[in-house]
1. Among the residues of segment 45-69, count how many are acidic (Asp, Glu) and either over 21 Å from ASN18 (Cα atoms) or modelled with pLDDT under 95 (or both).
2. Looking only at segment 114-135, filter to residues that are out of contact with any Pro (no Cβ under 8 Å at 6 or more places or on another chain), of a type in the set (A, V, I, L, M) and in a loop (DSSP other than H, G, I, E, B); which one of those is surrounded by the most Cβ atoms within 10 Å (Cβ to Cβ)?
3. Can you tell me which residue among VAL97, VAL72 is in contact (Cβ under 8 Å) with a residue 24 or more places away in the chain and under 15 Å from VAL23 (Cα atoms)?
4. Give the residues of segment 11-39 that are within 23 Å of ILE123 (Cβ to Cβ), among the aliphatic types (A, V, I, L, M) and at pLDDT 95 or above, sorted by residue number.
5. If we keep just the residues of segment 136-154 that are in a loop (DSSP other than H, G, I, E, B) and modelled with pLDDT of 95 or more, which is surrounded by the fewest Cβ atoms within 10 Å (Cβ to Cβ)?
6. Starting from segment 111-132, keep only residues that are charged (D, E, K, R), then list their pairs with residues that are surrounded by fewer than 16 Cβ atoms within 10 Å (Cβ to Cβ) and not in a loop (DSSP other than H, G, I, E, B) whose Cβ atoms are within a distance under 6 Å, requiring at least 6 positions of separation or different chains.
7. Sort out for me the strands (runs of 3 or more DSSP E) sitting completely within segment 1-64 that have 2 or more residues that are closer than 27 Å to ASP131 by Cβ.
8. Given the conditions (1) touching a residue at least 60 places away in the same chain (Cβ under 8 Å); (2) out of contact with any Pro (no Cβ under 9 Å at 6 or more places or on another chain); (3) in a loop (DSSP other than H, G, I, E, B), and given that PRO108 satisfies all but one, which numbered condition is not satisfied?
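The values are calculated or read from the model by the stated rules, or taken from the named source; none is laboratory data. Here the structure is a predicted model, which is why all the values come from computation and not from measurement. We place every Cβ from the backbone using ideal geometry, glycine too, and count neighbours over all the protein chains shown.
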Amino acid sequence: MTRTGGCACGAVRYELTNSPLIVHACHCHDCQRLTGSAFVTNIWIERKFVEATGETPQSFRLKGGTGQPHDVYFCDTCGTYLWGHYHAGGDTLLVRVGTLDDPSPIKPDVHIFTRSKLPWFEIPKGVRAFDAFYKLDDVWPAESLKRFRGNRAA
């Protein structure tokens, strides 16, 4: 199933042509600061499955929590943050769920960096949560691991 999305002004549109590897709710300070919210929900997916049209998103680089580079992509017209690229993650993107045309069916598989979670937010029962990051082999479905490792080897 494909999903479509884009920025607030419509200058950048995209289509996701495969399912997510995983969906994160990230509570790190960087995500809180960039979104102005308690956390961000991201679809982690290979770049080749994010087909963008319209204006080319602009980007800036931050140092992620691991110390590795993190590029944040946004619409140059309206400033909507669309996705991020963590260099340690290979050729993948973290697409902001809130930029989907219909984000309602997407739920986080896991909450990460909960050590900086705002105290008033309760993680739903039964959802995995980690103080920081986690080992992929311990959390990801086998098919996602296979796709991710194949992408990194290419």
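1. Within segment 45-69, the subset acidic (Asp, Glu) is 46, 51, 55.
Next cut, either over 21 Å from ASN18 (Cα atoms) or modelled with pLDDT under 95 (or both) only: 55.
Result for segment 45-69: 1.
2. We begin by selecting, within segment 114-135, every residue out of contact with any Pro (no Cβ under 8 Å at 6 or more places or on another chain); these are 114-126, 128-135.
Applying the additional criterion that residues be of a type in the set (A, V, I, L, M) yields 118, 123, 129, 132.
Now drop any that are not in a loop (DSSP other than H, G, I, E, B), which leaves 118, 123, 132.
Working: LEU118: 11, ILE123: 16, ALA132: 12.
Filtering segment 114-135 for residues that are out of contact with any Pro (no Cβ under 8 Å at 6 or more places or on another chain), of a type in the set (A, V, I, L, M) and in a loop (DSSP other than H, G, I, E, B), the one surrounded by the most Cβ atoms within 10 Å (Cβ to Cβ) comes out as ILE123.
3. Of VAL97, VAL72, the one residue that is in contact (Cβ under 8 Å) with a residue 24 or more places away in the chain and under 15 Å from VAL23 (Cα atoms) is VAL97.
4. LEU21, ILE22, VAL23, ALA25, ALA38 - these are the residues of segment 11-39 that are within 23 Å of ILE123 (Cβ to Cβ), among the aliphatic types (A, V, I, L, M) and at pLDDT 95 or above.
5. Of the residues in segment 136-154, the ones in a loop (DSSP other than H, G, I, E, B) are 140-141, 154.
Filter again for modelled with pLDDT of 95 or more, leaving 140-141.
Values: TRP140: 19, PRO141: 11.
Result: PRO141.
6. Between residues of segment 111-132 that are charged (D, E, K, R) and residues that are surrounded by fewer than 16 Cβ atoms within 10 Å (Cβ to Cβ) and not in a loop (DSSP other than H, G, I, E, B), the close pairs are ASP131/ARG115.
7. Numbers: elements: 3-6, 12-16, 22-26, 40-46, 50-54, 58-63.
Counting at least 2 such residues, we get 22-26, 40-46, 58-63.
8. Unmet condition: (2).
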